[in-house]
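Below is one structure, written out as structure tokens, with a few remarks after it.
Each value in this text was obtained by applying a stated rule to the coordinates, not by laboratory testing. Note that the structure is predicted; figures quoted are calculated from it, not measured. Every residue, glycine among them, receives a Cβ derived from its backbone with ideal geometry; neighbour counts consider all protein chains shown.
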Amino acid sequence: MHAKEIRNGIKVLASVHWERRLFDALIPLPDGTSYNAYLVEGSEATALIDSTDPELRDELIGELDPGKPIDYVVSHHGEQDHSGVIPEILERYPGATVLCSSKARELLMTHLHLPEDRIRVVDDGESVSLGDKTLTFVYTPWVHWPETMVTYVPEAKVLFSCDFFGSHVATTDTYVVDRGRVYEAAKRYYAEIMMPFRRVIQNNLDKVDGLDIDLIAPSHGPIYDDPGFIVDAYRDWVAPSMKNEVVLPYVSMHGSTYRMAMHLVDALSRRGVTVHAFDLAVTDIGKLAIALVDAATLIVGTPTVHVGPHPAVYQAAHLANLLRPKLRHAAIIGSYGWNSRAVEQISSLIPNLNVTVLGTVLQKGMPTDDTFAELDRIADAVAEAHRAEALVA
Ligand code: FEO
């Protein structure tokens, strides 16, 4: 997409990936994505901030004026969707130096084979002058890898944040227009790549809070001209508090687990608990990750396949374990034909979750009135646990 000036001498060079539907061969992108590079032209030097995914290399290269020098290439993050075109930029601009964090140096050399003598490490808090503009670097580890940093330009009050605050949205809008859409996309992104590191993210929020910011310019999605919108959202997501919510991923083969899951949805709802249920056979796993950000309880529903849980449940349980959500309670429900070790196997898949198990119900064959009574007891226990933590109004 054509370059757009967002402040005097600062342009966004957005490559919009309308058709991309999967990131890292794992993360669903229902709204596509964009990779934003930025050109900061000072009175004495020019910096390119990040690049783009190699697949959209033409979009970025086509917006750069070969007659104007680039003195610095700021690499916030070694992942290739931002760094992948830096090797070509260095070939095209032989006078350019890459500026990156101390941990990024080795990553850029191993992932992109950047020559060591083209890289200059900048310290946390260090500034580099472009003349009438200054680049100030702030280390913000784990947004999304350990080497990540952001750049602040005080003269323009712009924070270039790379993955931090980003949203996977393909759009021609330079700034956030549809807040609901961007909020969900940003929450999806936070849930999938930053949630496991939320205590570090909290520190990073504190670091950028001290800056006077008019624009937050991420490397995915539209720019925030009201930074408080996304900073407040992040503060809510990383806060230790949870909501009166249950996440219930389930899968069913012949209807027994489905009946049990739906009974529990109704029973919890009658007790004032919000439930997010996901049929793992068809769900967007990103929606599940979003729901895990705030929930206090996880209830897993599974049929039995060769004595263990359904493979889709393995994947969901493994994902929840990787993402380390705040969850405090759990339960396991499901069914089997002749024998099952699903409860034991699911329990062994989630060692990272610091949860109290409020109950398990594993039904042989079709659920009965006794089964539903057991599920009601789980619903009682969940509602009571949420009340004890003052989550229920
Ligand atoms: Fe958008 Fe971690 O890369």
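Placing +1 on the Cβ of every Lys and Arg and -1 on the Cβ of every Asp and Glu, with nothing else charged, gives region 290-369 a dipole about its Cα centre of roughly 140 debye. Peptides 108-116, 43-51 ranked from most to least packed, by the mean per-residue count of other Cβ atoms within 10 Å: 43-51, 108-116. Placing a pseudo-label 7 Å from each Cα along the Cα-to-Cβ vector at VAL282 and ASP117 gives an inter-label distance of 6.1 nm.
Name the shape class, rounded, prolate or oblate, that the alpha-carbon gyration tensor gives for region 4-238, where a ≥ b ≥ c are the square roots of its eigenvalues, rounded holds for a/c under 1.5, and otherwise prolate holds if a/b is larger than b/c and oblate otherwise. It comes out rounded by the Cα gyration axes. For the chain, the relative contact order comes to 11 percent (Cα pairs under 8 Å, sequence separation of at least 6).
Each label point was placed 7 Å from the Cα along the Cα-to-Cβ direction; for ASN321 and HIS306 their separation is 1.8 nm.
Residue-normalised convex hull volume from the C-alpha trace of region 274-357: 86 Å³ per residue. If R0 equals 41 Å, the separation of the Cβ atoms of ALA25 and ARG270 corresponds to a calculated FRET efficiency of about 0.50.
Taking the square roots of 5 times each eigenvalue of the Cα gyration tensor of the chain, largest first, gives ellipsoid semi-axes of 46, 20, 17 Å. Dividing the mean sequence gap of close Cα pairs (under 8 Å, 6+ apart) by how many residues region 279-393 holds gives a relative contact order of 25 percent. Rounded to the nearest 10 degrees, what's the angle between the helix 311-323 long axis and the longest principal axis of the chain, both from Cα atoms, 0 to 90? Once rounded, the angle reads 50 degrees.
From helices alone, the chain scores -9500 deg cm²/dmol at 222 nm; the rule is -39500 (n - 2.57) for each run of n ≥ 4 DSSP H residues, then divide by the residue total. Scoring 366-373, 343-350 by mean Cβ neighbours within 10 Å over their residues and listing the highest first yields 343-350, 366-373. Taken over the chain, lysine pairs spaced eight or more positions apart, or on distinct chains, with alpha carbons under 24 Å apart number 19. Relative to the longest principal axis of the Cα atoms of the chain, the long axis of helix 179-189 lies at roughly 80 degrees. Assuming R0 = 56 Å, can you tell me the calculated FRET efficiency for the pair TRP338 and ALA390, based on Cβ-Cβ distance, to the nearest 0.05? Rounded to the nearest 0.05, the efficiency is 0.80.
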